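**Student:** One structure, as structure tokens, below. Some questions next.
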Amino acid sequence: MKPLSGVLWLPPLMSFVLITGLIECSIILMDLPAYLAPRPSAVALALFIHAEELLKATRHTGIAAITGLGMSAILGALLAITLASHPLIRRAFYPYAVFFQTVPIIAIAPMLVIWFGYGQGAVVAASFIVSVSPIIANTLTGLLSTDPALLDLFRIAKASRLDTLFKLRIPGAIPHFLTGLRIASGLAVIGAIVGEFVADSYEDGGGIGTAVEIALKEQRTDLVFAAVLMSSLLGLLIFWLVSGLNQLSLKYWHLGEFKDS
Amino acid sequence: MKHRQGAGLKLRGIHRQFEGRPVINHLDLDVAPGEFLAIIGPSGCGKSTLLRLLAHLDQADQGTLDRSEADLDVAFVFQDPCLMPWRSVIDNVALPLELQGVPRHHRIPAAEALLKTVGLGDAQGKFPQQLSGGMKMRVSLARALITRPDLLLLDEPFAALDDITRHHLDDHLQSLWLSHPMTVVFVTHSLSEAVYLADRVIVLSAGGGNITLDYKVPLPHPRTAASRLSTPFIDHLRTVSEAFEGHSRTLA
């Protein structure tokens, strides 16, 4: 594939130029007002002019999202281990874990303000609530799909429950946990931005959610799109970080067969 | 250090059924201490279930299963090597000792020595997915023997391997059994493997419980590759084969 690698970036670049060019032209031809549909060139300009504020807002949101994701990783894994420990515990408490998945975050966000006050606390909580369920679900699947023959081996060796958990079930569930973490990484950013819509304290200039809100009030749709673009980039960045971590840990655990290309 | 000759087994009227269908039907069987017993039979004759009962992984519905020692040390080798991909070869082999609480500086040399005897002395730092199927099976065999078990149970361990690798592993198993006295119960689909390795071959009928042939193989151990082609070996193989085929034919 060597001769191809030099032009690998060319097709996406061409499609990007084509699509943005098409949007630009149609907005000009249809004479759409800027508050309805900003021209891509205007978005690019806004991105450039407001780069400093946007980067600051992205960092603000990024910190909240990564904190929320980190809490999801730790608490989600612990919850999954608890749920996996006994079928009765699973029956009794798994419905509450599903609650995190089905709760409409936009509806509960005002409650988060009441509980945590305006500011990062509520934003992190929103990010956590949205991102924890894939981690619980995936880790639980991993903990429950231990190779039955290996479980037999541990039984024959008269292994303790703790040994079976720490030397067999948990290491075997690591790839599932990491898959959950990757799914959660995108959700954590969405949760943080939704949290900011409702609960941001505007302290320190606020995050991306706040930037979108302010730009909307000022009918600066170019800035709205610029902020949305930044949030997508943030999501990608966190996803890449988690994927990198994924590759590293799979290598460390020598779980080559679980690695996806 | 234990000085045992392996475990003796005495099964009387063992009955086991799943969802009303008997898999083992009132089976009587004695296994002498230190004996190498091969069990063959058509699919679904309850061979695997029998091994699980012997390993105390399953309980019989009726009948008694006496093992000569109360605190018997049992090891099990599955058809799949069942290695843990996140552990190096040496740590996979040392696992049963680790679970018994044997400290690292004792269990690692023991695992090293055993890996050498199965010809994997220089693979100890590798990880399972770097090994071939035959090498994985040798690691699995070494892991089973690390605790010096009194009873070794093998459930079609080499079935997934090619003939040459399989013959090598047969020889490894034979020399391990000769160097460490233990009782071996070996389930296999291969008649020639059964006759090659075992002191005694039993053929189970489909539906379980009936031993259609209980045959002592009077060839001396160690048996070598040459003996696979010797006239007495082929005679024994023919006898077992006829019993097996004859019974299968009456079923068909």
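The values are calculated or read from the model by the stated rules, or taken from the named source; none is laboratory data. Just so we're clear, the structure is a prediction, and the values are computed from it rather than from any experiment. Note: ideal-geometry Cβ built from the backbone for every residue, glycine included; neighbour counts use all protein chains shown.
**Student:** Keeping to segment A:110-146, report how many residues are in a helix (DSSP H, G or I) and either within 14 Å of chain B (Cβ to nearest Cβ) or charged (D, E, K, R) (or both).
**Tutor:** The qualifying residues number 1.
**Student:** Another question, then. Being in a helix (DSSP H, G or I) and surrounded by fewer than 24 Cβ atoms within 10 Å (Cβ to Cβ) is the filter here; which residues of segment A:189-207 pass it?
**Tutor:** A:190, A:194, A:197, A:198, A:203, A:204, A:205
**Student:** Inside segment B:84-130, can you point out the residues that are among the aromatic types (Phe, Trp, Tyr) and away from chain A (no Cβ under 11 Å)?
**Tutor:** Listed by number, the list is empty, since nothing qualifies.
**Student:** List the strands (runs of 3 or more DSSP E) inside segment B:1-100, counting only whole elements, that have at least 2 residues being modelled with pLDDT under 90.
**Tutor:** Where strands (runs of 3 or more DSSP E) fall fully within segment B:1-100 and carry at least 2 residues being modelled with pLDDT under 90, they are B:9-18, B:21-31, B:62-67.
**Student:** Scan segment A:199-258 residue by residue and report those that are under 26 Å from residue B:87 (Cα atoms) and polar (S, T, N, Q).
**Tutor:** A:243, A:246, A:247, A:249
**Student:** So, restricting to strands (runs of 3 or more DSSP E) that lie completely within segment B:143-252, which ones have at least 1 residues that are without any contact (Cβ under 8 Å) to a residue 60 or more places away in the chain?
**Tutor:** Of the strands (runs of 3 or more DSSP E) lying wholly inside segment B:143-252, those with at least 1 residues that are without any contact (Cβ under 8 Å) to a residue 60 or more places away in the chain span B:211-216.
**Student:** Out of all the residues in segment A:159-170, is one or more within 14 Å of chain B (Cβ to nearest Cβ), over 28 Å from residue A:63 (Cβ atoms) and not in a helix (DSSP H, G or I)?
**Tutor:** yes
**Student:** Further question on the same structure: Taking residue A:162 as meeting all but one of (1) over 15 Å from the mean Cα position of the chain (by Cα); (2) crowded, with 22+ Cβ neighbours inside 10 Å, write down the number of the exception.
**Tutor:** Only one criterion is unmet by residue A:162, namely (2).
**Student:** Picking from B:143, B:166, which residue would you name as being over 20 Å from residue B:52 (Cβ atoms) and either at pLDDT 90 or above or within 15 Å of the chain's Cα centre (by Cα) (or both)?
**Tutor:** Among B:143, B:166, only B:166 is over 20 Å from residue B:52 (Cβ atoms) and either at pLDDT 90 or above or within 15 Å of the chain's Cα centre (by Cα) (or both).
**Student:** Considering (1) within 14 Å of chain B (Cβ to nearest Cβ); (2) among the hydrophobic types (A, V, I, L, M, F, W, C); (3) surrounded by 22 or more Cβ atoms within 10 Å (Cβ to Cβ), say which one residue A:149 fails and leave the rest.
**Tutor:** For residue A:149, the failing item is (3).
**Student:** Can you confirm whether residue B:139 is outside any helix (DSSP H, G or I) and not charged (D, E, K, R)?
**Tutor:** No: the conditions fail for residue B:139.
**Student:** Another one. For segment B:39-60, what are the residues that are more than 14 Å from chain A (Cβ to nearest Cβ) and exposed (fewer than 13 other Cβ atoms within 10 Å of the Cβ)?
**Tutor:** B:43
**Student:** Which ranges mark the helices (runs of 4 or more DSSP H) fully within segment A:27-109 that have 2 or more residues being within 24 Å of the chain's Cα centre (by Cα) and within 25 Å of residue A:224 (Cα to Cα)?
**Tutor:** The qualifying helices (runs of 4 or more DSSP H) are A:51-84.
**Student:** Could you say which residue among B:80, B:66, B:30 is in contact (Cβ under 8 Å) with a residue 40 or more places away in the chain, surrounded by fewer than 20 Cβ atoms within 10 Å (Cβ to Cβ), of a type in the set (Asp, Glu) and more than 14 Å from every other protein chain (Cβ to nearest Cβ)?
**Tutor:** Being in contact (Cβ under 8 Å) with a residue 40 or more places away in the chain, surrounded by fewer than 20 Cβ atoms within 10 Å (Cβ to Cβ), of a type in the set (Asp, Glu) and more than 14 Å from every other protein chain (Cβ to nearest Cβ) holds for just one of B:80, B:66, B:30, which is B:66.
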